[in-house]
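One structure is given here, and the rest of the page talks about it.
The values are calculated or read from the model by the stated rules, or taken from the named source; none is laboratory data. Source: prediction; values computed, not measured. Note that we place each Cβ from the backbone using ideal geometry, even for glycine, and neighbour counts take in every protein chain shown.
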Amino acid sequence: MSLPPGFLDELRSRTSIVDVVGRKVMWDPRKSNQGKGDMWSPCPFHHEKTASFHVDDRKGYYYCFGCQAKGDAIKFVTETENVGFMEAVEILAEEAGMTMPKRDPQAQQKADRRTQLTEVMEMAVQHFRLMLNAGAGAEARAYLDKRGMAQETRDRFDIGFAPEGWQGLWDALTGKGVAPDLILGAGLAKPSNKGGKPYDTFRNRIMFPIRDARGKCIAFGGRAMDPNDNAKYLNSPETELFDKGRSLYNHAPAREAAGKGQPLIVAEGYMDVIALCEAGFGASVAPLGTAVTENQLQLLWRISDEPIIALDGDKAGLRAAMRVVDLALPLLEAGKSLRFAIMPEGQDPDDLIKAKGAGAVQKVLDAAMPMVNLLWQREIEGKVFDSPERRAALDKLLKQKIKLIQDPSIRSHYGEAIKELRYQLFRPQRGGGGGFSGRRRGKWNAQPAVQVHTKSSMLAASEGPVEMRVREAVVLAVALVNPELLDDFEYEIESMECLDQDNAYLRDVLLRYANTPDPRSNVEMALGPEMVENLLRQPHVAITPAVRKPGDLALARMTLTEELAKLKTVRGLNEEIAEAEEDLMSVADEAMTWRLGQAAEARNKAMQTGLDDEGGGEFAIGDNGAPIDKDERAALDALRDMIDFTRGGRPPRRG
């Protein structure tokens, strides 16, 4: 039924979400603040011992930092009481002393019809299950036995069988008094073109019930027993209950399993999902006989921030993966992405489990590649880049793809990742043959995630990675103990490329909880207090004034500004070093080698001095506004001397 304007707003204003949720949880007295309506408890939607479920009475919303469940009081009632939206509204309205508006007869009639259709679908489920266990289902049972599907699995997924014959289900349902228009409306039968009785949609097929997010049967998928059948798999037609592009097979159980921490896996078909679930991967779903749609992608992201697309290791599977990439690029948001696990060639998840067990599948999932890697591999696969024109064409194509990304931050990170992959493919080849190998051919390879690293050179090798890791740690520690500044420095910290993987992980978690009431507590909850304490106990971190004096925001702001600028300067210098090294490859002589060594010594000294003096010493200002001391300036001058010479300027001076 439709509700008058303002009714829901008034209902929410009269309802205390703390009171509603409080009927289902025990509040944590240490973290909760009753006076401010800021309440915490273990999550009622997944099993946990810590209080990661947050309720804000002023805003009227709840959010779980563990399983990402979120919503208002109405959503909470629908999820915990297993009722529909209008039933939840009625429950809360009665508690708030509000009179429900009169029902729209047409809307009520439509709701009643949907209820009737779902009842007919459940009757069909039971009929098909009965047929599977009857004499007519002997061949189907033998097929399932051959596929290794145990009886417990058949019961769990309500597997059934539609025997041969034109009106088997029709006669069974009409014999129980079901109206013909409901059977047709549920998509279980089709009208005859010859004026006879309607005939069954599914005949001689193993039947897989398709259920919605609340577990109600809305459609069927049928696998043909006849190998010569034109359609190996057949889904129900679209009905009032079933929209193929907005549904997922195994939706409700997968959502529950994902809420308990299992990775969300997207397979291609019913049998793959069933095999994965039986092997322990309960958060597995499948689209329904078609490519993943935008609506299905949004459903996946509501369940998990980073679903794993697990596709067959053949050309069709790879083509399907590429369609998903093109679909997802414009929809990406911070924290919402995809990873891709490509099965061994010629195998699907069901095949792999039968051949090598669940451990083999887990290895494939662990090696799942980020979407940017799959995008890159598609554009280089089988191609030769032996000319500037071909490399320029690759650059143009990739730029066009990256422009599809709407989120500017993600677009920037994709650009950096593609730049790194491009460098790996086209960097000069050194050693025995020497020089640049123009015939670089791309081929498929499940590469690991792109890692931030420094290019190899005399100067870059001595860039002081330990010192850079220390600076990263200082930035994270200052931000952690002064979370009030996270809003101002969020972009700079997010853009900070961490050499240390622990630092990178801590940075990501810190940013995830940047807008929560207590970021530090949430970070400790997510990572464990030991990791945070290890960060704060690092010698150069512990002596940093902004860490020793939490709450001094002016000092913390100055420290963050200087440390972030210093890191940016060093990385900019490394880029110049790498570029200069390439320029010097063909013109290096004794003078340049000597000057390169001098620059390296100055570079090391600059890094160490900056740390030991805690920012003391004589400083100049670099080209990007970052503070640089005199030794750093000497290194930079040495570098630029060499660059000038390689580009036609004066030779570098000795001393």
Among residues of segment 36-56, those that are at pLDDT 85 or above and part of a loop (DSSP other than H, G, I, E, B), counted: 7
Those residues of segment 319-336 which are at pLDDT 90 or above and not aliphatic (A, V, I, L, M) amount to ARG323, ASP326, PRO330
Under 8 Å by Cβ, and 6 or more places apart or on different chains, what pairs join a residue from segment 556-567 that is closer than 19 Å to PRO483 by Cβ with one that is assigned to a helix (DSSP H, G or I) and of a type in the set (Phe, Trp, Tyr)? LEU560/PHE489; LEU564/PHE489
Leading residue by the ranking (modelled with the highest pLDDT) among those in segment 57-71 that are assigned to a loop (DSSP other than H, G, I, E, B) and touching a Phe, Trp or Tyr at 6+ places or on another chain (Cβ under 6 Å): ALA69
Output the residue which, of all residues in segment 492-517 that are among the hydroxyl-bearing types (Ser, Thr, Tyr) and within 20 Å of the chain's Cα centre (by Cα), is nearest to VAL55 (Cα to Cα). TYR513
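Report, by residue number, each residue of segment 166-218 that is basic (Lys, Arg) and under 29 Å from ILE303 (Cα atoms).
ARG211, ARG214, LYS216
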In segment 318-352, how many are surrounded by 14 or more Cβ atoms within 10 Å (Cβ to Cβ), within 17 Å of the chain's Cα centre (by Cα) and outside any helix (DSSP H, G or I)? 8
Among ALA393, ALA417, ALA355, the single one that is free of Cβ contacts under 8 Å to residues at least 12 places away in the same chain, surrounded by 13 or more Cβ atoms within 10 Å (Cβ to Cβ) and either assigned to a helix (DSSP H, G or I) or among the charged types (D, E, K, R) (or both) is ALA393
Name the residue, out of ALA546, ALA554, ALA526, that is of a type in the set (A, V, I, L, M, F, W, C), in a helix (DSSP H, G or I), out of contact with any strand residue (DSSP E or B) (no Cβ under 9 Å at 6 or more places or on another chain) and surrounded by fewer than 15 Cβ atoms within 10 Å (Cβ to Cβ). ALA554
Assuming LYS363 fulfils every condition listed in (1) surrounded by 14 or more Cβ atoms within 10 Å (Cβ to Cβ); (2) closer than 27 Å to TYR505 by Cβ; (3) among the charged types (D, E, K, R) apart from one, which condition is it? (1)
Does any residue of segment 536-552 turn out to be at negative phi, modelled with pLDDT under 75, in the same structural domain as GLU494 (by TED's automatic domain parsing) and not aromatic (Phe, Trp, Tyr)? no
Can you run down the residue pairs with Cβ atoms below 9 Å, 6 or more apart or on separate chains, where the first is in segment 223-250 and more than 16 Å from PHE161 (Cα to Cα) and the partner is among the acidic types (Asp, Glu) and part of a helix (DSSP H, G or I)? GLY245/GLU294
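Keeping to segment 505-523, report how many residues are part of a helix (DSSP H, G or I) and in contact (Cβ under 8 Å) with a residue 12 or more places away in the chain.
Final tally of qualifying residues: 12.
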